[in-house]
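Undergrad: My questions all concern the structure below.
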Amino acid sequence: MPAPVPFDPEEVATAKPLKRDTPPDVTLKRVICQSCDIACSVQAEVKDGRVIKVRSSDNPIFRDNICMKAIYAPKGFAHPDRVIYPQRRVGERGSGEWERVSWDEAMADIGERLNSVIDRYGPEAWAVSTSQWNTATDHGLGRRIMNNVGSPNWISGVALCAGNTAAINRMTYGWFPMADFTNANCIVLIGHNPRRHSWTPIYNYVRSAQARGAKLIVFDPRKSSNAERADIWLPLKAGSDAAMLLGWLKVIFDEGLYDADFVESWTVGFEELRARVDEYPLERVSELTGCRPELIAKAARTYATEGPSIIPWTPITDMQRNSTSGIRLQSILRAVCGYVDVPGGETLQGFHPEIIPESTIEMHETLSDEQKSKQLGADTHPAFGYRGQAAFKEPMQKVWGHEYPNQVMGCYMANPSATFRAMAGEGPYPVKAFFVAGNNAVMSYANMPLIIKAMMNQDLIVAHEQFMTPTAQLADYVLPGDSWLERPWLTDGFGWMSTYRPSEQAMEPPGEAVSTFEFWKRVAGAIGRPELVPWESLEEFYDYRLRDTGMTFEQLTQETEMYFTKPEFRKYQRTGFATPSGKVELKSSVLENLGFDPLPYFREDPPIDPDYPLKMFTGVREDEYFQTGHRHIPELRARKPEPVMFVSPDTAREYGIAEDEWVELENPTGKIAIKVGVRDAMPDGLVRVPHGWWKPETQQGAGHLSGALEFADAQLCRDDEDYLDREQGIPHLKGVPCRINKLPGSA
Ligand SMILES: Nc1nc2c(c(=O)[nH]1)N[C@H]1C(S)=C(S)[C@@H](COP(=O)(O)OP(=O)(O)OC[C@H]3O[C@@H](n4cnc5c(=O)[nH]c(N)nc54)[C@H](O)[C@@H]3O)O[C@H]1N2
Ligand SMILES: Nc1nc2c(c(=O)[nH]1)N[C@H]1C(S)=C(S)[C@@H](COP(=O)(O)OP(=O)(O)OC[C@H]3O[C@@H](n4cnc5c(=O)[nH]c(N)nc54)[C@H](O)[C@@H]3O)O[C@H]1N2
Ligand code: SF4
Ligand SMILES: [Mo]
């Protein structure tokens, strides 16, 4: 998720952009690329009112950060298939037929229909799904409207990417830390595999750290490009990360490698944790992970003794059935080894004091306790929802100055699976209106068949989109969204980093495309609550958020590319930690009060089902595409025209399959068609499935969804209890049973 990058504040303050020679008819705009969620500062060359090129920044801090998705962004946004006028469905839901309507006509009908759903079923019958880009660009306005109207049922793809990590990190030390790559001596990548064209700044950070001698430890079942460059590669079984981390703690405790003073003064639950960790001797961990005990011990010692070390955020443990324990174990390791809030470790930054945070815009205090308690999933999987986060209200106010600080948008949201079940009519109450803003919901959670069923059962679906995605294809209205080159932006670090950064508008949006701000402003007006979004324009809204700086947004863009607060380390010595005990909770009082195991544990996989003898994981992001997007751009598509699974040479031999052959991959949730890629880097018995495949050029509408039904990984991602994390209820995407079916006619 929006992962702002930890630049060295001193360096940022002194680095000035260089003057570039450009032809007189070309102007340069300083923009933040939002083609993926890492937000690189780049530049747009504008000629005759159009962006003709996106190039790297001339600021020495940012200049190496650009990838092919940014280069092709102008082409992607200019694509003839872009939705640039409001579209209303004609015929049955999913008919694939549309008529152009005016914004006024669309909003009048949407307002009336949403109000009638709310009148009939209550405000909780309105659910909203967003994700990275809406998350970044709506600035909490969607939640603000929902909170005032009375619906707690907001969900996002960040439920399985960084948002949930943020919420779970708080259980240990009351905030979500950012790794200090610049000063770390040892970096641990848990699966995470940044590359030149995938989260470029993080790739650059890891490479520069290695160049100055920092150690690299990589957990990955596959020999990834970072594993190849690692000092220690732990080739663990998919999904066994939490077991590996328990093994690390065992070594660190047994060998006395932890920071005893910090543990003594600043933690609670050490003895209980130690007793739990004793249940994981290295022989057992070795069996669970498939790695040699000596290698596990060597890696643990390196982390503990060659620090300061960092375990930068990774999405891999966000998507496992042991996710809560996996994330907690990372925070516990950081804490017991003394790496929390120290230079070269992991910093707890808080909000930037000069900018009004999105958490304030969201107005969570307005939603009544009664409505909060109706949040879907609160009874079964409460960890990141209102119920799970309730105990933080007072400590957060005390330490971070906010009762409802939402970090990476991952706190206070409903459980996605529970929301789709309610939408599908499975209770506990009806959900009949669904808005998707900047999110391809059909393909971006687990159990796609359920999501489709849920959508087919709605009275009203509104999508705010740039393209006719599989999700938009099932909507009543598809309303055109602008792009990052066509709007200004102000990002505040998502409550993760204490920073703010402006991005200039480089060109006008095409047709009638509008920003997410404008979308929500129109929704508020349409339901008769215009006072909820009182600002006239995005710039005016930004001026409001910047009012304590004494600058307007316009002035800010002329001033700098980034503001930072000077880091203050070990703030907890002044304030305590924002947990109920004020200390680092190695044993979590919050989890205990919710009825869960307060100590980290490893839940072993269910026994192998002989019908589904292989394991698959969703992942290995593709350089050309961001998530489910970008497949309409010819140059990028030419590089990766089809979805390809990876298997080892031995697995290919065992199943009699060969490179480039089409096969079927199946499990109890669904099946997809996919091409075979034989890769030496893969371990035997494991299958890699790429995320987010559909073919925008193929037939739209229910029954096709432009190939999403045939190719999307979400067809295979399960959300039954065995494959959901207990505490958060997020799906296991790393080690799901499956089988390969050869297709008739193939050799
Ligand atoms: N099954 C499964 N689910 C997953 C994952 C997985 O691997 N498998 N991965 C998870 C992860 S890591 C993440 S980060 C999330 C990502 O989930 P999403 O953020 O939903 O990711 P995208 O697929 O990029 O969908 C974003 C949609 O927004 C549109 N869009 C882009 N920019 C704008 C804009 O400026 N305005 C508007 N209005 N629309 C815009 C795009 O056209 C695209 O359709 O998915 C998560 N869900
Ligand atoms: N070009 C491009 N860049 C992107 C994105 C994109 O779509 N395209 N998406 C962005 C987003 S939102 C995200 S979240 C990140 C994700 O990016 P990464 O965090 O790098 O995740 P993946 O590329 O899915 O997988 C990384 C590694 O995890 C390994 N792996 C699989 N299962 C397991 C397991 O159980 N344990 C461990 N330890 N490793 C495992 C895989 O072999 C793979 O090498 O990428 C971001 N960057
Ligand atoms: S890594 Fe590429 S797509 Fe992502 S923000 Fe940077 S330039 Fe844009
Ligand atoms: Mo992500």
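Undergrad: Taking the alpha-carbon distance from LYS372 and a cut-off under 19 Å, which lysines remain once sequence neighbours fewer than 8 residues away in the same chain are dropped?
TA: LYS393, LYS432
Undergrad: Would you please give the FRET efficiency between GLU105 and ALA260, computed as 1/(1 + (r/R0)^6) with r the Cβ-Cβ distance and R0 = 60 Å, to the nearest 0.05?
TA: Using R0 = 60 Å, I get an efficiency of 0.30.
Undergrad: Once you have the Cα-Cα distance between ASP369 and GLU536, take 0.36 nm times their residue separation minus that, and quote the gain in nm to one decimal.
TA: 57.0 nm
Undergrad: By the gyration tensor of its Cα atoms, with a ≥ b ≥ c the square roots of the eigenvalues, what is the shape of the chain: rounded for a/c under 1.5, prolate for a/b over b/c, or oblate?
TA: Rounded shape, in that the Cα axes give a/c under 1.5.
Undergrad: Oh, and also: Efficiency by 1/(1 + (r/R0)^6): what FRET value for GLU92 and ASP650, r their Cβ-Cβ distance, R0 = 41 Å, to the nearest 0.05?
TA: 0.25
Undergrad: Reachable lysines from LYS298, Cα under 20 Å, same-chain residues fewer than 8 places away excluded?
TA: Result set, ordered by chain and number: LYS215, LYS223, LYS237, LYS250.
Undergrad: Another question about this same structure. Counting DSSP beta bridges with both partners in the chain, what percentage is antiparallel, nearest 5?
TA: Around 50 percent antiparallel, to the nearest 5.
Undergrad: Which FRET efficiency value, to the nearest 0.05, is calculated for GLU403 and GLU271 with the Förster distance at 35 angstrom and r the Cβ-Cβ distance?
TA: Calculated value: 0.60.
Undergrad: Per-residue HN-Hα couplings for the stretch 321-330, Karplus 6.51 cos²θ - 1.76 cosθ + 1.60 at θ = phi - 60°, whole Hz, x for Gly and Pro?
TA: 6, 10, 4, 4, 5, x, 5, 4, 5, 5
Undergrad: Expressed in nm to one decimal, what extension gain is obtained for the pair GLU642 and ASN115 from 0.36 nm per residue of sequence separation less their Cα-Cα distance?
TA: Details: separation 527, 0.36 × 527 = 189.72 nm, distance 4.29 nm.
The span from GLU642 to ASN115 would gain 185.4 nm if fully extended.
Undergrad: Could you state the accessible area per residue of the stretch 38-128 in Å², with a 1.4 Å probe and every protein chain left in place?
TA: 44 Å²
Undergrad: Let me ask another. By the gyration tensor of its Cα atoms, with a ≥ b ≥ c the square roots of the eigenvalues, what is the shape of the stretch 251-330: rounded for a/c under 1.5, prolate for a/b over b/c, or oblate?
TA: Rounded.
Undergrad: Here's another thing I want to ask about it. Under a cut-off of 29 Å between alpha-carbon atoms, report the lysines in cross-link reach of LYS47, not counting same-chain residues fewer than 8 places apart.
TA: Hits, sequence-local ones excluded: LYS16, LYS19, LYS29, LYS69, LYS75.
Undergrad: Which distance in nm do the two modelled labels at ASP48 and GLU697 give, with both placed 7 Å along the Cα-to-Cβ direction?
TA: 2.8 nm
Undergrad: For the stretch 427-506, just run the numbers: alpha carbon Rg, then divide by 2.2 N^0.38 Å, N being how many residues it has.
TA: 1.38
Undergrad: Hey, another quick one. Of the heavy-atom accessible surface of the chain (probe 1.4 angstrom), what whole percent is carbon and sulfur?
TA: C and S fraction of accessible area: 49 percent.
Undergrad: Can you tell me the accessible area per residue over the stretch 614-742, all protein chains present, probe 1.4 angstrom, in square angstrom?
TA: Accessible area per residue: 34 Å².
Undergrad: Rounded to whole Hz and in sequence order, give me ³J(HN,Hα) for the stretch 358-369 from the Karplus expression 6.51 cos²θ - 1.76 cosθ + 1.60, θ = phi - 60°, writing x for Gly and Pro.
TA: So the Karplus estimates, Gly and Pro as x, are 4, 4, 6, 4, 5, 6, 5, 5, 6, 6, 5, 4 Hz.
Undergrad: Quick one: grab the alpha carbon gyration tensor of the stretch 317-408, order the square roots of its eigenvalues as a ≥ b ≥ c, and give me rounded if a/c is under 1.5, else prolate or oblate depending on whether a/b is larger than b/c.
TA: Because a/c hits 1.5 or more and a/b fails to exceed b/c, the stretch 317-408 counts as oblate.
Undergrad: Using a 1.4 angstrom probe, figure out how much accessible area the stretch 330-435 has per residue, in square angstrom, rounded to the nearest whole. Mind showing how you got there, number by number?
TA: Working: 3040 Å² over 106 residues.
Here the per-residue accessible area is 29 Å².
Undergrad: Quick one: net charge around PRO177, please, counting Lys, Arg +1 and Asp, Glu -1 for every other residue with C-beta under 12 Å from its C-beta.
TA: Residues close to PRO177 contribute a combined charge of 0.
Undergrad: Add -39500 (n - 2.57) for each DSSP H run of 4 or more in the chain, then divide by its residues: what number comes out at 222 nm, to the nearest 500 deg cm²/dmol?
TA: One gets -8500 deg cm²/dmol as the mean residue ellipticity at 222 nm.
The values are calculated or read from the model by the stated rules, or taken from the named source; none is laboratory data. Since the structure is predicted, the reported quantities are computational estimates derived from the model, not experimental observations. Cβ: placed from backbone, ideal geometry, glycine included. Neighbour counts: every protein chain shown. Side chains included, ligands, DNA and RNA excluded: accessible areas come from the protein's heavy atoms. Shrake-Rupley method; radii C 1.70, N 1.55, O 1.52, S 1.80 Å.
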